[in-house]
Amino acid sequence: MKRPGLFNEELLYECYQCARCTGSCPAAFAVDGFNPRNILLTYLRLGIEAVITDEKLWCCTTCHVCEDRCPQLIDVADLLCSLMNEAAMQGHIPEKVRASAEMILRTGRALLVSRRVDSIREKLGLKPLPEVPMEEVEGILDQTGMAVLIG
Amino acid sequence: MAKKGKADRQDKVARRATAENGPRIGVYVCHCGLNIDGSLDCEEVAKYASSLEGVVLAKDSMYTCSDAGQEQIKSDIREHNLNRVVVASCTPRLHEPTFRAACVEAGLNAYLFEMANIREHCSWVHLHDRQGATEKAKDLVKMSVARARLLQPQVETEVPITPRALVVGGGVAGIQAALDLADAGYKVYLVEKEASIGGRMAQIDKTFPTMDCSICILAPKMSEVGRHPNIELMTLSEVESVDGYIGNFHVRVKKKPRYVTDDCTYCGDCIKDCPQHMPNEFDCGLSTRRAIYSPFAQAVPATYLIDMDSCMNKHGIVACDRCYQACQHKCIDFSQQEEILDLDVGTIIVCTGSDVYDPTPLTELGYRRFPNVITSLEFERLINAGGPTGGNLIRPSDKTVPKSVGFLQCIGSRSKRSNPYCSNICCMNTIKDALLIREHWPDTKIYVFYMDIRAFGKGFEDLLMRARREGVVFIRGIPGEILQDDNSYSLKLIGENTLLSKLYEYEVDMVILSVGIEPRKDSAVVKRLLSLPSMADGFFMEAHPKLRPVDTPTGGIFLAGCAEGPKDIKDSVTQASAAASRANILMAKGKVTVEAITARIDPERCTGCGLCARVCPYGAILVDEETKVATVVEAACTGCGACCPECNFGAITMRHFEDHQILAQIDALAESDAGGKILAFCCNWCSYAGADFSGVSRIQYPAEVRIVRTMCSGRVDPKFVEYAFAKGIAAVLVSGCHIGDCHYINANSQTEKRVQRLWRKMARLGLNKERLRLAWISAAEGMRFSQEISALKEIVEKITPEEIEKGIEAFAPKRLPKGEHPDEATRPV
């Protein structure tokens with residue numbers, strides 16, 4: 001699993017704050033205040049606590065455009081991913097994320113599948129969604145320790 | 001021959017003088033302030049040195065290179081009748097000449113001086129291992145003393161210097177260098193690849209920080225070159241080959257035909273009738289030219305030329321003669337042929353300039369996709385009165401004047417995706433460009449998107465402040481992306497203002513990418529022709545970054561302008577004058593002494609087999625078919641030593657790097673704890689300098705390594721390596737310049753062959769091949785050197801005593817070739 005300790009932190013010091021990452025970030029334009037450059041800088045200057053307690057961290061969609069354009073080849077998305085993992089380990093999980101995680105634990109899907117979804121699919125000529133193989137899903141979730149994480 | 005006889009006589013006299021008393025060695029261990037003493041115990045090293053055989057006195061001093069330090073050496077030589085001196089201090093690449101001069105002043109031959117490098121190769125790279133560093137320093141001193149015992153006095157020969165210079169490249173640096181030398185009275189050949197001299201400076205509109213018109217200040221210099229009686233200008237010409245050495249270079253130049261004779265009056269009648277239209281390279285393709293053309297109005301030489309790639313007449317078939325018909329003076333000559341010119345010159349100045357970065361790979365910026373995204377060089381052509389638009393800044397998409405302009409900084413610079421270095425000129429160039437737009441179209445909105453503005457030169461900050469006062473908006477944060485409106489072709493820049501931590505969207509009519517400078521695409525050719533070393537980024541390397549900034553490591557060859565690194569016009573001109581002055585010093589002196597490190601062949605032992613002549617990169621060995629004896633042409637021999645290991649009869653002596661001198665160094669290092677040590681052979685020009693560089697950069701590596709310097713890795717005889725293993729040394733590193741970058745053309749290709757032969761032999765004998773390592777390390781690769789040593793250290797840790805024993809048996813003295821008995825290595829002088 002991606003964790004901050006396992007991440008090549010030396011590379012982060014090569015960031016010269018050109019802001020190409022934030023300028024390229026679709027999430028930054030959708031969510032006011034989400035700013036990958038700022039997260040990197042805060043992490044370096046104020047430490048991990050300051051970053052993982054901020055719920056905005058979870059806005060990253062891991063699209064990796066920031067990494068594509070970073071002139072210093074810093075793995076920005078990997079950093080955000082590992083910070084999210086760390087946040088989860090320490091119990092800083094935003095309510096909405098927790099709710100959808102719980103949904104996966106319960107139903108094997110992140111979103112609730114209502115009858116309406118089935119009727120839309122039928123109209124579009126799609127087969128109804130298959131049953132979730134809950135045993136398999138539970139096995140995976142057990143191994144990843146997600147149930148413990150969600151508490 | 002008479003001269004050689006005299007040298008031999010002098011040799012004999014000197015030898016007798018030193019042989020009378022046996023070696024009397026003085027050892028000086030330098031503290032270098034805290035540079036050495038800070039991480040090893042100099043006093044202990046000096047005490048240890050005094051116990052070594054042949055050492056008469058050993059001292060440690062604060063700064064041995066100081067006047068007082070040198071005086072001490074001189075008085076000791078006289079007082080104690082010293083006949084060898086060893087200084088343990090910094091790299092011999094820095095102070096060997098200093099101490100040699102001190103020895104000579106006290107009456108000691110310069111070649112009886114030896115240096116142990118305990119700073120770059122010891123104290124600076126083992127900062128946290130005082131014990132290891134002290135032990136290593138002792139070893140290095142012991143090795144130097146062992147070598148010093150066997151040193152021989154040598155007599156240097158003088159070679160004359162041809163008082164003519166070659167300047168490669170006719171940009172502003174080349175022009176300045178050529179004019180300086182020509183004014184000093186030397187004949188100068190100026191070789192330019194393009195049709196006119198002028199280079200990049202001719203392309204740009206104004207210069208910063210004074211806003212002078214670029215071509216207005218350059219054109220008078222260009223025409224001066226054209227009419228100077230001492231300058232022979234060769235355009236459309238390229239250097240084909242360079243042979244020879246300092247003071248005596250033979251250069252072959254290929255001159256392409258212009259197809260227009262010198263009678264051309266530059267009237268322009270011919271171009272009007274030419275039917276062929278081509279993109280104009282001088283205008284970055286923003287305009288067209290004909291097949292018969294002149295690159296720009298102020299071109300020197302002021303004659304037209306025909307570009308045969310675009311002309312309809314090819315291979316002698318005349319399909320169109322409209323230009324010929326139009327020319328009243330009948331200056332057009334389709335029958336002109338390529339010429340090869342042979343030049344003899346004493347010095348060479350390399351001013352090959354630079355290319356600009358092509359931002360096409362940075363797809364998010366849309367260069368070449370969006371017509372209104374242009375580079376700074378294209379902008380220079382657009383705003384230049386002599387350019388395609390007559391100086392009107394217009395958008396390429398619809399030929400309208402832009403109402404708003406955005407500059408993007410650091411495009412192609414300071415980035416691992418393009419070039420990692422700062423290109424030096426782009427910040428000021430952008431500020432100048434912004435002010436130019438302000439001057440002509442005051443209502444234009446100008447945004448500069450930057451990371452850092454580097455305004456470090458004289459008058460630069462003033463210009464930056466003026467731009468701010470005049471309303472140029474500076475925004476910190478490079479846009480992540482440029483989007484184009486497909487109807488209006490205007491551009492949207494999206495990004496983050498990092499000072500406000502706010503996202504922005506700016507709409508502008510035109511974007512100018514402030515592109516960086518990179519080495520010329522054909523710089524590898526120049527590098528190979530002149531065997532110049534270059535930095536990792538491709539720019540040519542100076543002999544010393546601070547103290548010899550325009551010299552190359554090759555004597556008689558100098559650097560100026562952007563070929564050495566990105567720089568502005570002022571710096572290029574300064575450097576060109578400096579290079580011309582350095583060349584002038586050589587040529588005014590008229591002669592230069594060549595280091596007495598050349599090969600000598602013993603006619604008694606030589607059988608005339610010719611193996612040595614085959615590997616000599618300079619063809620300096622001639623084999624007389626009749627007498628069956630090979631001789632060395634001393635003036636052509638550079639002392640690489642590649643020939644020496646080839647000889648099966650021990651007939652070749654590499655002066656000052658003799659076999660028994662090197663074997664004695666190996667003996668000295670193997671005396672104690674050989675099984676834990678690494679022997680590294682480093683070539684003087686690349687890997688030794690690379691090891692120096694890791695010292696200068698304080699890159700730490702294991703202290704087990706001991707370096708033996710040879711001029712070239714080609715000097716490393718397989719028997720040295722075998723001898724080391726026979727002495728129980730754990731691992732051997734053979735290192736040299738990268739293949740293709742060898743200071744001695746291709747001598748290191750012999751190294752590769754020999755090491756491969758050794759590997760095969762080791763495999764046959766059942767030895768661990770990993771104990772012998774081959775590495776190519778350039779002078780700029782300090783990190784690489786330390787990595788190689790660390791890798792070897794890991795291997796050494798795994799080697800068992802049995803393996804070492806096996807190596808000792810396998811290469812025991814009986815297996816040593818051609819009577820190199822170890823006893824011989826330690827024979828008294």
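Calculate the mean, over all residues of peptide B:357-368, of how many other protein chain Cβ atoms lie within 10 angstrom of the residue's Cβ.
On the way: counts 0, 0, 0, 0, 0, 2, 2, 6, 1, 0, 0, 0.
Counting other chains' Cβ atoms within 10 Å and averaging over B:357-368 gives 1.
Take the Cα of B:Glu240, go 7 Å toward its beta carbon, and none of the backbone nitrogen atoms of segment B:607-647 fall under 11 Å from that spot.
Kindly flag which residue pairs out of B:Lys254/B:Lys521; B:Lys47/B:Lys74; B:Lys59/B:Lys727; B:Lys521/B:Lys567; B:Lys527/B:Lys769 have an alpha-carbon separation exceeding 25 Å in this structure. Too far apart for the 25 Å limit: B:Lys59/B:Lys727; B:Lys527/B:Lys769. Overall, the anisotropy analysis places segment A:6-93 in the oblate class: the square-rooted eigenvalues a ≥ b ≥ c of its C-alpha gyration tensor yield a/c not less than 1.5, with a/b not exceeding b/c. Overall dimensions of segment B:599-654, expressed as equivalent-ellipsoid semi-axes from the Cα gyration tensor (√(5λ), whole Å, largest first), are 15, 12, 10. Karplus-derived 3J(HN,Hα) values for segment B:166-180, using 6.51 cos²θ - 1.76 cosθ + 1.60 with θ = phi - 60°, are 10, 10, 9, x, x, x, 5, 5, x, 4, 5, 4, 5, 5, 4 Hz; glycine and proline are entered as x.
In the structure shown, the pairs A:Lys96/A:Lys127; B:Lys399/B:Lys458; A:Lys2/B:Lys136 are assessed against 32 Å; a Cα-Cα span above that value is assigned to B:Lys399/B:Lys458; A:Lys2/B:Lys136. Compared with the dominant principal axis of the Cα atoms in chain B, helix B:67-79 is inclined by about 30°.
Roughly how tilted is helix B:2-19, in degrees to the nearest 10 and between 0 and 90, from the longest Cα axis of chain B? Between helix and principal axis, roughly 50 degrees. Its Cα gyration tensor gives segment B:356-517 an equivalent ellipsoid, and the semi-axes of that ellipsoid, as √(5λ) in whole Å with the largest first, are 21, 19, 17.
The Rg/Rh ratio for segment A:95-150, using Cα coordinates for both the radius of gyration and the Kirkwood hydrodynamic radius, is 1.07.
How high is the relative contact order of segment A:4-89? Use alpha-carbon pairs under 8 Å, at least six apart in sequence, and give a whole percent.
36 percent
FRET efficiency for the pair B:Glu752 and A:Asp68, taken as 1/(1 + (r/R0)^6) with r the Cβ-Cβ distance and R0 = 35 Å, rounds to 0.35. What FRET efficiency would be calculated for the residue pair A:Thr42, B:Phe456, taking the C-beta separation as r and a Förster radius of 25 Å, to the nearest 0.05? So the FRET efficiency works out to roughly 0.25.
Please give the peptides B:459-470, B:411-422, B:559-570 ranked by average Cβ packing (other Cβ atoms within 10 Å per residue), highest first, as a rough proxy for protection.
So the peptides B:459-470, B:411-422, B:559-570, ranked by packing, come out B:559-570, B:411-422, B:459-470.
Counts of other chain beta carbons within 10 angstrom of each beta carbon in peptide A:67-79 average 3. For chain B, the relative contact order works out to 12 percent when only alpha carbon pairs closer than 8 Å and six or more residues apart are counted. Its residues counted as N, segment B:458-525 yields a C-alpha radius of gyration over 2.2 N^0.38 Å of 1.52.
Running Debye on the protein assembly as shown with equal point scatterers at the Cα sites and no solvent, what base-10 log of I(q)/I(0) appears at q = 0.06 Å⁻¹? Computed log10 I(q)/I(0) values: -0.61. The long axis of helix B:214-227 is offset from the longest Cα principal axis of chain B by roughly 70 degrees. Segment B:734-776 has equivalent-ellipsoid semi-axes of 23, 10, 5 Å, by the square roots of 5 times the alpha carbon gyration tensor eigenvalues, sorted largest first.
Extension gain, B:Arg698 to B:Cys609: 0.36 nm times the residue separation minus the Cα-Cα distance gives 27.3 nm. At what distance in angstrom do the alpha carbon centres of segment B:396-448 and segment B:353-383 lie from each other? Going from one Cα centre to the other spans 10 Å. Between B:Lys521 and B:Trp441, what FRET efficiency comes out of the Förster formula 1/(1 + (r/R0)^6) with R0 = 60 Å and r the beta carbon distance, rounded to 0.05? Efficiency, from the Cβ-Cβ distance: 0.95.
Shown in residue order for segment B:613-624 are the 3J(HN,Hα) couplings computed by the Karplus curve 6.51 cos²θ - 1.76 cosθ + 1.60 at θ = phi - 60°: 4, 5, 8, 5, x, 10, x, 8, 10, 10, 9, 7 Hz (x for Gly and Pro). Using a 7 Å offset from Cα along Cα-Cβ at B:Ala385, what residues in segment B:282-306 end up with backbone N under 20 Å from the label point? Counting only backbone N, you get B:283, B:295-300. In terms of overall dimensions, chain B has a Cα radius of gyration and Dmax of 31.1, 95 angstrom. The slack between B:Thr261 and B:Arg130, meaning 0.36 nm per residue of separation minus the straight C-alpha distance, is 39.9 nm. Each label was represented as a point 7 Å from its Cα along the Cα-to-Cβ direction; for B:Ser335 and B:Asp67 these points are 7.2 nm apart.
Placing dummy labels 7 Å off each Cα toward the beta-carbon, the span from B:Lys546 to B:Ser672 is 3.5 nm.
What does the convex hull of the Cα atoms come to per residue for segment B:45-89, in Å³? Numbers along the way, then the final one.
On the way: hull volume 3.1 nm³, N = 45.
Per residue, the Cα convex hull of segment B:45-89 comes to 68 Å³.
Compute the label zone of B:Ser581 within segment B:167-188: residues whose backbone N is under 17 Å from the point 7 Å along Cα-to-Cβ. Those under the cut-off are B:173-174, B:176-185. Per residue, the convex hull around the alpha carbon atoms of chain A comes to 145 Å³. Need the C-alpha centroid separation for segment B:260-336 versus segment A:1-73, integer Å. Cα centroid of segment B:260-336 versus Cα centroid of segment A:1-73: 57 Å apart. Between B:Asp344 and B:Thr593, the modelled label-to-label distance comes to 2.6 nm, taking each label 7 Å out from Cα in the direction of the beta carbon.
Subtracting the Cα-Cα distance of B:Glu224 and B:Glu626 from their residue separation scaled by 0.36 nm leaves 139.2 nm. With N as its number of residues, segment B:598-740 has a Cα radius of gyration that, divided by 2.2 N^0.38 Å, comes to 1.15. Can you give the % of DSSP beta bridges in chain B that are antiparallel, to the nearest 5? That works out to approximately 45 percent antiparallel.
Since every read-out is calculated from the coordinates, none of them should be taken as a lab result. Quick caveat: nothing in here was measured; it's all calculated off a predicted structure. Quick reminder, even Gly has a Cβ in these numbers, built from the backbone with ideal geometry, and neighbours come from all protein chains shown.
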